[in-house]
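Note sheet for the following structure.
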Amino acid sequence: MRFLHFNFKMENKNLRWIYLIVLSLVWGSSFILMKKALIGLTPVEVGIFRILITTVFLLLIGFKSLLKIKRRHWYYLLLNGFLGTFFPVFLFAFAVEHIDSSVTSILNSLTPLFTLIFGALVFGIGFSKRQTLGVFIGLIGTLILILEGVSLNPNQDYFYSLFVLLASIGYAFNVNIIKKYLHDLNALSIAVGNFVLLIIPTFMVMWYTDFFGTFEINKTTTTALIYMAILAIFGTAASKIMYNRLVQISTPIFSSSVTYLIPIIAIFWGLLDGERISFLQFLAGLIVILGVYLANKAK
C-alpha cells in the first residue's frame, strides 16, 4: 500500500513538470497570437472571440462534465471564471495592443508573487521573510522594466502595463481559489463550468459595444479569426484544463511558476516579429524572475 502511494506521488511529481513545460510553450506563444489577431480585430473583439470559441470547444468535448459540478461549486466557479478568465482576456488584449508582447509576458511573470501575497492576505497561507524579499526584488525589477520601456519605446503607452498587473492579480486569486475550494472537482469540469458561466456576461459586452452592428467579415478579420481559433483552442481551452489539473497535483506557487518560462518563449517570438528589447530590460526581466524564484523556493 505504501509503495502504491509512493508511486502515485512520483507520477504526479513527473506529470506536473510535463504540464509546466507544455503550458510554458503554449502560453508563451499566446502573446504573439494576440498581437497578430489584433491586426484585424479590436481588443474587445479579441476577448469576445477568445471566450466564445473556447466555450464552444469545451462544450463539445466536455458537456457531460457539468453533471459532476455540485451546487456548492458554482459560486467559486463564477468567481474563478471572472478573475481567472473573463477580465484577463480583455486586459491582456488591450495591453498587447499598446506595448510589446515580450514585455507583457515578462510583466505577467509577477503572477507567482501575487499568488503568494494574496494567498497570505486572503487565504491564510504562510509568508516567510525570504519570500518577502523575493516579492520586493520582483517589484523592483518590474519598475525598472516599465521605466526602461517608456524610454526605449516612447510611442508605446506603458499605462497599459497596469492592465497586465491587474490580470496577474486575477490569476493569483484564480490559482488559490482552485486549490482551496475546487480541489475536489476534476479539471475539465472546472474549465467547462467557468466558460458556461461567462456566456451571458460576454453577450452583454457584445450588446454594449454594438458588436453585431460593427463587426465585419473580410480578409483581414478572417486571418485574425484563424489566430484567435488557435489561441482559444490551445492557449485557453486545452491549457485551462491542463493548468487546473496542475494546480490540483502541486502547490499554488509551483503552478503559477509556469510564468518563469513563458517570457523566454514570448521574447523569442517577439524578436522574430521585430520587437526590440534592451539589455536593461533583459536584466530587469532576470531580476523579476529572481524575485519569483526566491518567493517560490523559500519553505
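When the Debye formula is applied to the Cα atoms of the range 213-263, each taken as the same point scatterer, what base-10 log of I(q)/I(0) results at q = 0.19, 0.29, 0.31, 0.32 Å⁻¹?
Normalising to I(0) and taking log10 leaves -0.73, -1.07, -1.10, -1.11.
Using only the alpha carbon atoms of the range 88-201, find the Kirkwood hydrodynamic radius as the inverse mean reciprocal pair distance, in angstroms to one decimal.
For the range 88-201, the Kirkwood estimate is 15.6 Å.
Peptides 50-60, 128-138, 82-92: what's the order by average Cβ count within 10 Å, highest mean first?
Answer by packing, highest mean first, reads 82-92, 50-60, 128-138.
Whole-Hz Karplus ³J(HN,Hα) for the range 71-85, in order, using 6.51 cos²θ - 1.76 cosθ + 1.60 and θ = phi - 60°, x for Gly and Pro?
These are the phi-based 3J(HN,Hα) values: 4, 5, 7, 4, 4, 6, 5, 5, 4, 4, x, 5, 6, x, 9 Hz.
For q = 0.14, 0.16, 0.18, 0.21 Å⁻¹, what log10 I(q)/I(0) does the range 166-291 give under the Debye formula with an equal point scatterer on each alpha carbon and no solvent?
-0.90, -1.08, -1.18, -1.26
So what is the relative contact order of the range 6-122, in percent, for Cα pairs below 8 Å that sit 6 or more residues apart?
Normalised by residue count, the contact order of the range 6-122 is 41 percent.
For the chain, what does the helix formula give at 222 nm: sum of -39500 (n - 2.57) over DSSP H segments with n ≥ 4, over the residue count, nearest 500 deg cm²/dmol?
-25000 deg cm²/dmol
List, in order, the whole-Hz ³J(HN,Hα) value for each residue of the range 16-32 obtained from phi through the Karplus relation with A = 6.51, B = -1.76, C = 1.60 and θ = phi - 60°; use x for Gly and Pro.
Coupling constants for the range 16-32: 5, 6, 5, 4, 4, 5, 4, 4, 4, 5, 5, 6, x, 8, 5, 5, 6 Hz.
Dipole of the range 19-297, Cα-centred, from +1 at each Lys and Arg C-beta and -1 at each Asp and Glu C-beta, to the nearest 20 debye?
The calculation lands at about 1160 debye.
Order the peptides 150-160, 281-291 from the highest to the lowest mean number of other Cβ atoms within 10 Å of their residues.
Answer by packing, highest mean first, reads 281-291, 150-160.
Going by average Cβ neighbours within 10 Å, how do the peptides 65-73, 19-27 rank, with the highest at the top?
So the peptides 65-73, 19-27, ranked by packing, come out 19-27, 65-73.
For the pairs 36/240; 180/240; 35/219; 70/180; 70/179, note any where the Cα-Cα span goes beyond 19 Å.
In this structure, 36/240 lie more than 19 Å apart at Cα.
Would you mind calculating the gained length between residue 122 and residue 66 on full extension (0.36 nm times residue separation, minus the Cα-Cα distance), in nm to one decimal?
Here the segment from residue 122 to residue 66 would lengthen by 17.3 nm.
Could you work out the relative contact order of the range 19-297, using alpha carbon pairs under 8 angstrom and six or more residues apart, expressed as a whole percent?
The normalised contact order for the range 19-297 reaches 43 percent.
Percentage of Cα-Cα pair distances in the range 78-125 greater than 14 Å, rounded to whole percent?
63
If I model the range 23-141 as equal point scatterers sitting on the Cα atoms and use the Debye formula, what is log10 I(q)/I(0) at q = 0.12, 0.13, 0.23 Å⁻¹?
Per q value, in the given order, log10 I(q)/I(0) is -0.62, -0.72, -1.29.
Read through the labelled values [x] 28, 27, 17; [y] 27, 23, 17; [z] 41, 38, 16 and report the label of the one computed as semi-axes √(5λ) of the Cα gyration tensor in Å from the structure.
Given [x] 28, 27, 17; [y] 27, 23, 17; [z] 41, 38, 16, the calculated one carries the label [x].
What's the exposure ranking of 118, 279, going from fewest to most Cβ atoms within 10 Å?
Exposure proxy ranking, most exposed first: 279, 118.
Using θ = phi - 60° and the Karplus form 6.51 cos²θ - 1.76 cosθ + 1.60, what ³J(HN,Hα) does each residue of the range 95-111 get, whole Hz, x for Gly and Pro?
Running phi through 6.51 cos²θ - 1.76 cosθ + 1.60 with θ = phi - 60° gives 5, 5, 5, 10, 9, 4, 5, 5, 5, 4, 5, 5, 4, 5, 5, 6, 3 Hz.
With point charges of +1 on the Cβ of Lys and Arg and -1 on the Cβ of Asp and Glu, referenced to the Cα centre of the chain, which listed residue (153, 236, 203) lies farthest in the positive direction of the dipole?
236
Every read-out reported here was derived from the displayed coordinates using simple, explicitly stated rules and does not represent laboratory data. If you're wondering where the values come from, they're calculated on a predicted model, not measured in any experiment. FYI the Cβ positions are ideal-geometry reconstructions off the backbone, even for glycines, and counts take in every protein chain you see.
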